[in-house]
Amino acid sequence: MKKLTALFMGCMMITASLASCGDSDDGDSKSSKKKSDPLAGSWKMEDEESGMELVMVFDDGKMDMEMDLSPALKFEGEDFILSGENVGSDYVSFEDDNLVVDLQGMEVVNMKCEEKTGDNYDGTYTDLGGLMFDSLGEEMGEEMMDYAKVRIEDGSFILQFNDVCDYEIEDDDTVMLKNPPATLVGEDGKTESEMTYKVDGDKLDLTSEDGETETLTKVK
């Protein structure tokens, strides 16, 4: 379980670098911003060590996030795969739309199927619980988990954060992130955060106020 927690830290550190908040409306036209939005689309960052991917989705002033946790855990058919090791199906149960993985009394995953989309366990899940999600909630804050769902599809295990925050393009190289969960505001209690951006083809550089730059690749 320590390994799983360590893998999650990459997502947490990236998310924390986007700390921002604050309601604001300057009255600009939404349609004009959408047409001139250089960030629109999905941008991927990959952790080379763990193989996990984080995707940030910018769409008409709303930002979502997805993290592919498949290198750490996933399902192949009815078998549960943990860190590349097939632990089989004996520890997995699906009753009353609840998918539970219990390894010798240690409940790793417990979540509710919101919508079945395919064979075996493919679908969308809410009410995320179990050791994995409890640990993630302790690190990121329970409020952040209010945004979270899991999507299982074709052997992938995707953690989704919908409507993480609003964003607004300020000028040719500045974006303001707004209304994130309070747990992402940061220890100094800042009420808004400004980031600079640079788009070069399919590459996006995002630089936080403390000067840290992350490079993402456009996927669609």
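Readers should treat all values here as calculations from the given coordinates under stated rules, not as data from a laboratory. Not measured: the values here are computed from a predicted model. Here Cβ is always computed from backbone atoms with ideal geometry, including for glycine, and neighbour counts include all displayed protein chains.
Of Lys198/Lys218; Lys62/Lys112; Lys112/Lys178; Lys44/Lys74, which pairs sit farther than 23 Å apart, going by alpha carbon to alpha carbon?
Working: Lys198/Lys218 13 Å; Lys62/Lys112 26 Å; Lys112/Lys178 30 Å; Lys44/Lys74 20 Å.
In this structure, Lys62/Lys112; Lys112/Lys178 lie more than 23 Å apart at Cα.
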Length added when fully stretched, Asp59-Asp154, from 0.36 nm per residue minus Cα-Cα: 31.7 nm
Given charges at beta-carbon only (K, R positive; D, E negative), |dipole| of segment 51-108 in Debye: 240 debye
Cα-based shape type of segment 81-220, given that a ≥ b ≥ c are square roots of the gyration tensor eigenvalues and the cut on a/c is 1.5: prolate
Estimated distance in nm for a label pair at Asp102 and Thr117, the labels positioned 7 Å out from Cα along Cα-to-Cβ: 2.8 nm
Cβ-Cβ FRET estimate between Glu212 and Phe94, R0 fixed at 30 Å, reported to 0.05: 0.10
Distance in nm between pseudo-label sites at Asp200 and Glu143 (7 Å out along the Cβ direction from Cα): 3.6 nm
